[in-house]
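Written out below as structure tokens is the structure these notes cover.
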Amino acid sequence: MPARVEPCLALLASKPPEGPAGGYEVKWDGYRVAVHVELGGKVRILTRGGQHWTDRFPTLAKAVRELGPGTMILDGEAVILDEQGRSDFNLLVASLSGRGGRKVSSDTVLYAFDLLYLDGHDISMLSLEERRMLLDPLLENGSDAIRLSEMFDTDGASLFASAAELGLEGIVAKRLDAPYRSGRGGDWRKVKCIQAYTFVVIGYEPSTSSTGAIGSLMLAARKGDDLVYVGNVGTGFSDAVARRLRKELDAIATKRPIIRVKAKSAVYVEPIIAAEIEYRAWTGDGKLRHASFKGVREASDEITIYEVID
């Protein structure tokens, strides 16, 4: 049984791909995890970057032990659902106590969408269709903490339109005839209803209405080996989050900013924190339009910073 399997990652696409041998799933907005059950009932929950988070998801660890197989590796997304049943990354971050926190989350649900290893057998070279035939019955009698990420055999454009109408993040198209291949090989493609990417936080402007809170974050994207300023985000966080962010950012404040911004009240920080941002479009001078804060990605999480391409 492998100690770790590099995850299969989805390529970003502008629209659902066309062609045969395809299936579609909802794109869940949480932390990608691999759940390992080893001999003796030992459970390891690994993040996409390989960090051990078993102790932070005790409910998931307990639920997966009760599924039955002696050994297995599940691939899925750990999420927290809002009142409408949609995955909400902000709720997940708050549950885990934010960046660098070690809070235990008992509200997390795992949406499992793949099975790579089962009872002593590596099944990653089977087709996705065959792997799903083994995964689906495995979860039928399991706890509500581990759910099957349903696959839809339907028209991608129609499903995407429904996802957008329901306020979901997007959909993922997957080749049913493909084995499990690590990396972004193109077997999986994601289509987002809302543009959402990760940017580097280079500073903040203090709130003028709430003492001890941030008013907005200053963001940067990659451009080759450099970072370029792409604007501020001042919506999407509660007062409590704004206060927590200020404390975290003040701890890494610097008088030598990597980029200077025309803002009298700017407080610059070391560019070591990343924030996930939703936005509608870009302005003509390369700034984010209608940006909204979604959450801070943990330093241990493997992230891809948005890159500006000329």
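Test R260 against the stated conditions and say whether it is of a type in the set (K, R) and touching a residue at least 40 places away in the same chain (Cβ under 8 Å). For R260, the condition - of a type in the set (K, R) and touching a residue at least 40 places away in the same chain (Cβ under 8 Å) - is not met.
Residues checked against (1) surrounded by 16 or more Cβ atoms within 10 Å (Cβ to Cβ); (2) in the same structural domain as D285 (by TED's automatic domain parsing):
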residue	(1), (2)
L134	yes, no
P137	no, no
E165	no, no
R175	yes, no
G186	no, no
S209	no, yes
D225	no, yes
N232	yes, yes
S238	no, yes
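May I ask you to list the residues in segment 13-33 that are hydrophobic (A, V, I, L, M, F, W, C) and at pLDDT below 85? Passing the criteria: only A21.
Of the residues making up segment 69-92, those that are assigned to a loop (DSSP other than H, G, I, E, B), over 11 Å from the mean Cα position of the chain (by Cα) and of a type in the set (D, E) number 2.
Would segment 168-176 turn up any residue that is assigned to a strand (DSSP E or B) and within 30 Å of R244 (Cα to Cα)?
yes
Right, F113: buried (at least 19 other Cβ atoms within 10 Å of the Cβ), in the same structural domain as S182 (by TED's automatic domain parsing), modelled with pLDDT of 90 or more and not aliphatic (A, V, I, L, M) or not? Taking the combined requirement at face value, the residue satisfies it. For segment 240-266, a residue qualifies if it is closer than 13 Å to E205 by Cβ and of a type in the set (S, T, N, Q), and exactly one does: S265.
Please determine, by comparing only the residues of segment 201-235 that are part of a loop (DSSP other than H, G, I, E, B) and within 20 Å of T283 (Cα to Cα), which one is nearest to the chain's Cα centre (by Cα). Spell out how you get there, then give the answer.
Just the residues of segment 201-235 that are part of a loop (DSSP other than H, G, I, E, B), to begin with: 207-213, 224-225, 234-235.
Checking which are within 20 Å of T283 (Cα to Cα) leaves us with 234-235.
On the way: G234: 21, T235: 20 Å.
Residue satisfying both the conditions and the ranking: T235.
T198 - would you say it is surrounded by fewer than 18 Cβ atoms within 10 Å (Cβ to Cβ) and of a type outside the set (D, E, K, R)? Working first, answer last.
Working: surrounded by fewer than 18 Cβ atoms within 10 Å (Cβ to Cβ): no; of a type outside the set (D, E, K, R): yes.
No; evaluated as a whole, the condition is false for this residue.
The values are calculated or read from the model by the stated rules, or taken from the named source; none is laboratory data. Because the structure is a prediction, the values reported are computed rather than measured. Every residue, glycine as well, gets a Cβ built from its backbone with ideal geometry; the counts of neighbours run over all protein chains shown.
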